[in-house]
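First the structure, in the form of structure tokens, and then the observations on it.
The values are calculated or read from the model by the stated rules, or taken from the named source; none is laboratory data. No experiment lies behind these values; they were computed from the predicted model shown. So basically every Cβ, Gly included, is an ideal-geometry build from the backbone, and we count neighbours across all protein chains shown.
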Amino acid sequence: MEIFLYILLSIIVLMILLAAVAPKKYNVSRSIVVNKPVNEVFLYLKLIRNHNDWSPWKKKDPNIKQEYIGTDGEVGFLAKWEGNKDVGTGEQEIIDIIENKTIISILRFFKPWKSQSDAYLSVDAVSDNETKVIWGFSGINKPPTNIFFLFFNMDKTVGKDFEEGLRDLKQILEK
């Protein structure tokens with residue numbers, strides 16, 4: 001019985017130590033330059049339904065079930081989805097729009113696990129006919145689930161999806 005208690009105590013101490021050193025925050029972003037003026041790019045981006053045309057996650061589940069509540073492109077618009085294991089279940093709500101600058105959303109994931117992230121799409125004029133688009137999201141890894149991020153590279157995995165989506169966005173906007 002005493003050995004069992006030592007093993008249990010060791011596991012608890014190990015979990016506490018791992019949770020203490022594991023990343024508590026994440027921030028992933030990627031950017032691309034699109035050969036279109038800022039206002040054209042921004043008008044396209046702020047409509048969440050347009051994301052279906054370039055989102056890498058739509059490709060991962062073409063049969064995704066979606067529901068929209070509110071007026072697309074306005075604060076309060078809510079896009080819900082229910083997809084396969086690659087996409088999960090969640091919702092995106094526009095919480096702020098800074099015209100011709102940034103669209104800020106909250107991403108709430110319900111499956112495969114619960115989490116919440118702050119997402120953004122920002123635009124910045126490079127020239128009169130070139131726009132830098134930045135796509136990113138950030139959040140907090142709460143202990144003890146943050147231990148998972150010692151073994152999972154969020155920047156590499158999600159960043160790859162962002163790069164793919166931004167390449168598709170560029171192709172669509174430059175047609």
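Would you confirm whether any residue within the range 3-17 is loosely packed, with under 15 Cβ neighbours inside 10 Å, in contact with a helix residue (DSSP H, G or I) (Cβ under 8 Å, 6 or more places away or on another chain) and over 22 Å from Gly165 (Cα atoms)? First the steps, then the outcome.
Narrowing the range 3-17 to residues loosely packed, with under 15 Cβ neighbours inside 10 Å: 3-17.
With the extra rule that they be in contact with a helix residue (DSSP H, G or I) (Cβ under 8 Å, 6 or more places away or on another chain), the set shrinks to 15.
Imposing the further condition that a residue be over 22 Å from Gly165 (Cα atoms) reduces the set to 15.
Scanning the range 3-17 turns up at least one residue that is loosely packed, with under 15 Cβ neighbours inside 10 Å, in contact with a helix residue (DSSP H, G or I) (Cβ under 8 Å, 6 or more places away or on another chain) and over 22 Å from Gly165 (Cα atoms).
Name the residue that is nearest to Pro37 (Cα to Cα), counting only residues in the range 88-116 that are touching a residue at least 40 places away in the same chain (Cβ under 8 Å) and assigned to a loop (DSSP other than H, G, I, E, B).
Across the range 88-116, the extreme among qualifying residues is Asn100.
Name the one entry in Lys85, Lys142 that is under 23 Å from Lys24 (Cβ atoms) and either assigned to a loop (DSSP other than H, G, I, E, B) or in contact with a Pro (Cβ under 9 Å, 6 or more places away or on another chain) (or both). Break it down into steps so the answer makes sense when it comes.
Values: Lys85 fails: under 23 Å from Lys24 (Cβ atoms).
None of the others qualify; the one that does is Lys142.
What number of residues in the range 69-86 are closer than 13 Å to His51 by Cβ and buried (at least 16 other Cβ atoms within 10 Å of the Cβ)? Even if it seems obvious, please write down each step before you answer.
Keep residues of the range 69-86 that are closer than 13 Å to His51 by Cβ, which gives 72-73, 77, 79, 81.
Imposing the further condition that a residue be buried (at least 16 other Cβ atoms within 10 Å of the Cβ) reduces the set to 73, 77, 79, 81.
Final tally of qualifying residues: 4.
Starting from residues that are under 20 Å from Leu47 (Cα atoms) and modelled with pLDDT of 95 or more, keep the ones in the range 109-129 and report whichever is surrounded by the most Cβ atoms within 10 Å (Cβ to Cβ).
The selected residue is Val123.
Against the condition among the charged types (D, E, K, R), modelled with pLDDT under 95 and over 18 Å from Val38 (Cα atoms), how does Asp155 come out, does it pass? Break it down into steps so the answer makes sense when it comes.
Values: among the charged types (D, E, K, R): yes; modelled with pLDDT under 95: yes; over 18 Å from Val38 (Cα atoms): yes.
Considered against the rule, which asks whether it is among the charged types (D, E, K, R), modelled with pLDDT under 95 and over 18 Å from Val38 (Cα atoms), Asp155 comes out as yes.
Say we look at the range 100-120 and pick out the residues that are farther than 20 Å from Asp155 by Cβ and not hydrophobic (A, V, I, L, M, F, W, C); which of these is nearest to the chain's Cα centre (by Cα)?
Arg108
If Ile97 passes every condition in (1) touching an Asp or Glu at 6+ places or on another chain (Cβ under 8 Å); (2) under 25 Å from Lys156 (Cα atoms); (3) among the β-branched types (Val, Ile, Thr) but one, which one does it miss?
Going through the list (1) touching an Asp or Glu at 6+ places or on another chain (Cβ under 8 Å); (2) under 25 Å from Lys156 (Cα atoms); (3) among the β-branched types (Val, Ile, Thr), Ile97 breaks only (2).
Looking only at the range 130-166, count every residue that is loosely packed, with under 15 Cβ neighbours inside 10 Å and either of a type in the set (S, T, N, Q) or within 20 Å of Lys46 (Cβ to Cβ) (or both) and tell me the total.
The qualifying residues number 4.
Could you please let me know if Val158 is farther than 17 Å from Trp57 by Cβ and in contact (Cβ under 8 Å) with a residue 60 or more places away in the chain? Walk me through how you get there before you give the answer.
Numbers: farther than 17 Å from Trp57 by Cβ: no; in contact (Cβ under 8 Å) with a residue 60 or more places away in the chain: yes.
Considered against the rule, which asks whether it is farther than 17 Å from Trp57 by Cβ and in contact (Cβ under 8 Å) with a residue 60 or more places away in the chain, Val158 comes out as no.
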